[in-house]
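To keep things clear, I will list the structure first and then write my remarks on it.
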Amino acid sequence: MQTTARIAVLVSGGGTNLQALINAEKNGKIPNGKIELVISNNENAFAIERAKNAGIKTQTILKSIEGSQQAFEDKLKKILTENQIDLIVLAGFMSILSESFTKDYPERIINVHPSLIPSFCGKGFYGLKVHERALEKGVKVTGATVHFVNEIPDGGKIILQKAVSVREKDTPETLQKRVMEQAEWKILPLAVQKISKQITEKGK
Ligand code: GAR
């Protein structure tokens with residue numbers, strides 16, 4: 001019986017969540033999963049360097065080169081199939097996947113989002129913008145959520161959440177940093193292990 005789920009991590013930027021996963025795997029915190037591949041939709045993403053430094057295979061797919069979202073997703077599917085990927089992790093992946101893609105991977109795609117869903121989520125809420133909106137609203141508590149990805153942006157079943165306090169003097173940048181450190185980098189590896197374990201127990 002195979003005891004590890006084969007994981008692909010999809011990235012677009014700095015890749016600190018990818019780094020948290022790499023570190024967790026290295027420290028034995030993801031015994032039922034292995035990051036096999038990192039896929040970026042941005043050729044300048046620093047996340048690619050992080051993957052290379054960890055000896056993980058990388059692939060870049062650009063929508064501008066593929067020509068359309070459909071062609072981008074077709075190529076993505078081909079690569080995922082070729083690499084026998086069991087679990088897809090969106091870690092700072094800044095593109096919305098279509099329903100025709102997500103329906104092929106029910107409860108096999110997870111995403112980390114920098115707020116307590118259902119607050120500050122959905123189309124247009126990504127990266128720093130999420131924290132800007134949280135501060136505008138004046139919330140006193142925010143956090144992060146890891147959830148399954150379905151056809152509704154940030155609408156899939158919630159796997160884990162963690163709350164983080166907002167401070168009086170927070171800027172979007174300071175709040176983003178605290179949410180990452182206190183919530184995202186902790187719950188993403190936990191969720192990846194949890195789902196990897198479920199996948200291996202089900203026998204894939
Ligand atoms: C993270 O805060 C992640 O939660 C967020 O972008 C940042 C990426 O940072 N993702 C979204 O907003 C997706 N809707 P990273 O590249 O350093 O992991």
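The values are calculated or read from the model by the stated rules, or taken from the named source; none is laboratory data. This is a predicted model, so every value here is computed, not measured. Cβ placement follows ideal geometry from the backbone for every residue including glycine, while neighbour counts extend to all protein chains displayed. These area figures cover heavy atoms from the full protein model, side chains too; ligands, DNA and RNA do not enter into them. Shrake-Rupley method; radii C 1.70, N 1.55, O 1.52, S 1.80 Å.
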Take the alpha-carbon centre of region 73-127, take the same for region 1-47, and report the distance between them in whole Å.
14 Å
How high is the relative contact order of region 112-204, given as a whole-number percent (alpha carbon pairs under 8 Å, six or more residues apart)?
29 percent
Label zone at Glu168 (point 7 Å along Cα-to-Cβ), backbone N below 19 Å, region 137-159
137-142
Per residue solvent-accessible surface (Å²) - the chain, probe of 1.4 Å
50 Å²
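Could you look at region 96-143 and say what percent of its accessible area is carbon and sulfur, using a 1.4 Å probe and all protein chains?
Ligands and nucleic acids excluded, carbon and sulfur reach 54 percent.
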For the chain the mean separation of alpha carbon contacts under 8 Å (6+ apart) over residue count, i.e. relative contact order in percent, is 24 percent
Using a 1.4 Å probe on the protein heavy atoms only, what accessible surface does Asp74 show? Give it in Å² to the nearest 10.
80 Å²
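How big is the antiparallel share of DSSP beta bridges in the chain, given as a percent to the nearest 5?
For the chain, the DSSP antiparallel bridge percentage is about 40.
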Rounded accessible area of Glu82 (nearest 10 Å², 1.4 Å probe):
120 Å²
Phi-derived 3J(HN,Hα) across region 184-199 with the Karplus relation (6.51, -1.76, 1.60, θ = phi - 60°), rounded Hz, x for Gly and Pro, is 4, 5, 8, 7, 5, x, 4, 5, 5, 5, 4, 6, 4, 4, 4, 5
Quick one: accessible surface of Phe72, probe radius 1.4 Å, all protein chains present, in square angstrom to the nearest 10.
10 Å²
Run the quick spin-label model on Val139 and Glu99: label points 7 Å from Cα toward the beta carbon, then report their separation in nm to one decimal.
2.7 nm
